[in-house]
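The values are calculated or read from the model by the stated rules, or taken from the named source; none is laboratory data. Please read all numbers here as calculations on a predicted model, not as lab measurements. Neighbour counts are summed over all protein chains in view; Cβ atoms, including those assigned to glycine, are modelled from backbone coordinates with ideal geometry.
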Amino acid sequence: MLAAAFVRVSTGSQDETSQIKVIDAHAQEHGFTIVKTFKLRGFSASQGTQEPALREAIADIQRGDYGTLIVTESSRLDRREDLDAQAEILLAIRSAGGDIVSIAEPEFGKTDFTGRIVTLVAQQANAEKSKTVKDTTYRGIMMIRDNRAHHGALPSFWATKGVRYAKQAYCTDPNAITDIYERVAGGESLSSIGRAYNLYPQSVKNILQFAAHHTGIIECSYTHQGRTETWPHMVTPVVDSALWWRANRVIETNLTGARAHKGGRPVGRPENWLSGVLDCPACGGKIYLNAGLTPAGRPRTPKLRCGGYAKKRLACGAFAGIDAEPVIDLIASMFASDTTEILAFQRIAGNAHELDALNAEARKIQARFSVTEDDDEFDALVAERKAIKARIEGFVITPDAYDYAPTGQTVAEMWADGDTAVRRGMVRAVKAAWGMALSAREGQWEIVIGAAGAQSTEETSGIIDLGNGLCFRR
Ligand SMILES: [Zn+2]
């Protein structure tokens with residue numbers, strides 16, 4: 001049996017020879033002899049430019065040169081949304097007495113050829129409808145592209161101005177952006193910054209990772225009919241590359257396991273740091289501080305009472321509760337007098353970040369090339385790029401090493417400065433590392449720290465992990 005191979009490569013990533021290999025192997029297995037190979041390079045089927053080749057194939061089949069057209073998949077033949085034309089080609093090959101073999105789709109053009117045509121016609125109605133909408137949008141987007149205007153999402157503190165199709169993105173508050181980068185680079189947490197700027201931690205992260213803050217280039221893109229158009233949109237940079245990089249490096253460090261959040265779930269009434277921390281000696285549920293006012297309006301004597309388990313919140317009734325003040329005073333005095341240094345998990349050696357910074361700088365220059373029209377500026381960029389490339393090539397990497405290093409703060413200072421959430425975190429950390437439990441001795445409840453109930457292996461190393469990368473050692 002004689003056949004022709006039909007190969008089309010529409011983009012650089014698709015491999016022509018791999019298609020030919022697949023077709024050759026298939027032909028050998030099924031007793032075909034390939035007498036002609038159509039190679040279409042650089043054409044996109046969605047533009048219908050392969051049609052002359054298909055017409056030629058149909059003419060060949062009519063002449064009897066060969067009877068079968070082999071493709072790796074049917075999309076090689078035609079990917080246009082013009083389904084009439086697609087159906088026409090299939091029918092023309094069939095009516096010329098030919099056959100199409102699609103290796104990826106063994107059923108193609110065989111079992112239910114008429115059914116397929118019917119489907120194609122039915123699909124067309126839908127395709128037409130969405131196509132009109134898409135094409136209108138596409139024309140608008142192409143005007144935006146030609147204007148090198150902005151299209152896409154922006155982080156907080158960014159907005160656009162200007163007329164339709166020519167929107168210019170700009171930073172509404174460069175001082176806030178710089179401050180956020182500096183805070184992160186200085187070790188402040190995303191949630192703390194979020195509180196200061198009324199943002200979610202994720203929004204703060206989005207700000208940090210917005211590359212245009214230092215490159216001054218926003219990569220805009222739009223995908224239409226499987227093709228993605230990208231274009232650069234120029235903006236005024238807000239921070240320098242070094243700061244951008246330092247802050248993003250902190251975010252990466254935070255992804256390590258040592259910085260996992262250990263604060264526990266938030267409590268409903270955070271009036272005291274001891275509320276919801278200790279375990280009920282009777283049922284193992286959580287003990288809460290019971291304070292506030294009586295129905296008559298007089299202040300209650302604060303008590304620690306069983307609040308049961310998280311979802312049910314029912315007291316077990318076996319533990320009657322105790323006065324809160326002595327327990328609170330005892331734990332508070334323990335923390336308030338502790339001069340142990342707080343340590344933070346951080347990079348203590350390594351220079352890979354400097355290489356990353358250089359690479360970031362190189363990318364920034366690369367991005368600038370596409371928008372620079374001034375010759376002198378262009379020459380300066382070339383020189384700058386050469387210098388940076390030389391530094392990158394000559395760079396010797398010292399591997400990163402991370403360890404706990406002092407933050408300059410003591411446990412007592414952290415306790416004094418900390419709000420309810422911070423203090424609860426500290427108490428929880430000690431409880432998790434050493435154990436902290438109510439225990440009855442000679443008819444009196446007392447608080448026992450250490451020995452009993454330690455849940456973690458950190459006990460042996462003497463490290464009390466405060467979460468968020470902070471700890472102290474004993
Ligand atoms: Zn209980």
Worksheet entry | Some residue of the stretch 451-462 being at pLDDT below 80 and assigned to a strand (DSSP E or B) | no
Discussion item. Given the criteria under 47 Å from the mean Cα position of the chain (by Cα), more than 21 Å from Ile449 (Cβ to Cβ) and more than 16 Å from the ligand (Cβ to nearest atom), does Gly308 qualify?
Written reply: no
Worksheet item: Mind checking which residues of the stretch 171-184 are in a loop (DSSP other than H, G, I, E, B) and surrounded by 14 or more Cβ atoms within 10 Å (Cβ to Cβ)?
Response: Asp173
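Residue by residue, here is whether (1) among the β-branched types (Val, Ile, Thr); (2) crowded, with 16+ Cβ neighbours inside 10 Å; (3) free of Cβ contacts under 8 Å to residues at least 24 places away in the same chain holds:
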{"position": "Gly140", "(1), (2), (3)": "no, no, no"}
{"position": "Met143", "(1), (2), (3)": "no, no, yes"}
{"position": "Ser156", "(1), (2), (3)": "no, yes, no"}
{"position": "Lys161", "(1), (2), (3)": "no, no, yes"}
{"position": "Lys167", "(1), (2), (3)": "no, yes, yes"}
{"position": "Gly186", "(1), (2), (3)": "no, no, yes"}
{"position": "Ile193", "(1), (2), (3)": "yes, yes, yes"}
{"position": "His213", "(1), (2), (3)": "no, yes, no"}
{"position": "Ile217", "(1), (2), (3)": "yes, yes, no"}
Worksheet item: Does Thr410 count as more than 25 Å from the chain's Cα centre (by Cα) and closer than 23 Å to Ala242 by Cα?
Response: no
Fill in: Residues satisfying the stated conditions in the stretch 291-305, i.e. surrounded by fewer than 18 Cβ atoms within 10 Å (Cβ to Cβ), touching a residue at least 12 places away in the same chain (Cβ under 8 Å) and either within 16 Å of the ligand (Cβ to nearest atom) or of a type in the set (Val, Ile, Thr) (or both)
Thr301, Lys303, Arg305
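Hey, can you tell me all the residues within the stretch 339-378 that are among the acidic types (Asp, Glu), under 24 Å from Ala211 (Cα atoms) and assigned to a helix (DSSP H, G or I)?
Residues satisfying the conditions are Glu354, Asp356, Glu361, Glu377.
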